[in-house]
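Presented below is the structure to which this report refers.
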Amino acid sequence: NAVSPARDQWVLLADRVGVEVRFIETVCSDPALHRRRLDERRRDLEHLAEPTWHAVEQRLDEYASWSGAADACPRLTLDTVSELDALVAEAIAFLRSCPCSSCRRRRPSGTGECRARASPSRDWAIRC
């Protein structure tokens with residue numbers, strides 16, 4: 001999501017259902033590569049027009065810096081100039097990492113146990 005209110009909606013939804021939210025942001029630091037990928041992309045989605053390079057540039061201009069509730073959440077930024085296998089491995093490692101240090105959760109009082117590990121209903125608790 002390009003703006004803080006949209007990102008904050010994900011945080012509010014996660015809070016409402018009692019799960020942690022993590023963001024994976026993708027960027028392409030090479031504009032020529034980005035444009036080439038866009039020009040070569042064919043999604044075969046008849047109901048959606050392919051974006052133009054001008055539309056991509058406008059969206060980049062409108063992209064807001066991270067702030068608000070979403071800025072306090074764990075976030076990984078991946079530069080898609082890197083190899084796909086490396087990006088996937090980095091994303092999986094980020095998603096599997098214990099959330100305690102990254103989301104600033106406090107341990108339940110009187111225990112030395114991570115709150116995430118103490119909550120078996122959360123799927124990431126198993127992977128910590």
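The values are calculated or read from the model by the stated rules, or taken from the named source; none is laboratory data. Bear in mind the structure is a predicted one, so any value in this text is a computation, not a measurement. Methodologically, a virtual Cβ is constructed for each residue, glycine included, from the backbone with ideal geometry; neighbour enumeration extends over all protein chains shown. These area figures cover heavy atoms from the full protein model, side chains too; ligands, DNA and RNA do not enter into them. Shrake-Rupley method; radii C 1.70, N 1.55, O 1.52, S 1.80 Å.
Would you tally the residues in region 81-93 being touching a strand residue (DSSP E or B) at 6+ places or on another chain (Cβ under 8 Å) and either open to solvent by less than 30 Å² (accessible area, probe 1.4 Å) or more than 12 Å from Ile24 (Cα to Cα) (or both)?
2
Just the residues that are charged (D, E, K, R) and either within 16 Å of the chain's Cα centre (by Cα) or in a strand (DSSP E or B) (or both), please, taken from region 16-35.
Result: Glu20, Arg22, Glu25.
So is Arg75 of a type in the set (D, E, K, R), surrounded by 12 or more Cβ atoms within 10 Å (Cβ to Cβ) and farther than 26 Å from Leu95 by Cβ or not?
On the way: of a type in the set (D, E, K, R): yes; surrounded by 12 or more Cβ atoms within 10 Å (Cβ to Cβ): yes; farther than 26 Å from Leu95 by Cβ: no.
Against the criterion (of a type in the set (D, E, K, R), surrounded by 12 or more Cβ atoms within 10 Å (Cβ to Cβ) and farther than 26 Å from Leu95 by Cβ), Arg75 does not qualify.
Pairs only if they're at least six apart or on different chains, beta carbon under 6 angstrom, first in region 70-91 and assigned to a helix (DSSP H, G or I), second surrounded by 14 or more Cβ atoms within 10 Å (Cβ to Cβ) and among the charged types (D, E, K, R); list them, first residue then second.
Once the first residue is assigned to a helix (DSSP H, G or I) and sits in region 70-91, its partners that are surrounded by 14 or more Cβ atoms within 10 Å (Cβ to Cβ) and among the charged types (D, E, K, R) give Ala70/Arg7; Ala70/Asp8.
Do any residues in region 37-57 that are in a loop (DSSP other than H, G, I, E, B) have Cβ atoms under 6 Å from those of residues that are open to solvent by less than 80 Å² (accessible area, probe 1.4 Å), where the two are at least six apart or on different chains, and which pairs are they?
Listed pairs, sorted by first residue: none to list.
What pairs come up if the first residue lies in region 4-28 and is among the β-branched types (Val, Ile, Thr), the second is surrounded by 14 or more Cβ atoms within 10 Å (Cβ to Cβ) and in a strand (DSSP E or B), and their beta carbons are under 8 Å apart, counting only those six or more places apart or on different chains?
Ile24/Arg75; Ile24/Leu76; Ile24/Leu78; Thr26/Leu78; Val27/Leu78
Based on what the data block shows, is Glu46 at pLDDT 90 or above and acidic (Asp, Glu)?
Taking the combined requirement at face value, the residue does not satisfy it.
If you go through region 3-15 one residue at a time, how many are under 13 Å from Gly68 (Cα atoms) and open to solvent by less than 40 Å² (accessible area, probe 1.4 Å)?
Looking only at that region, the number is 5.
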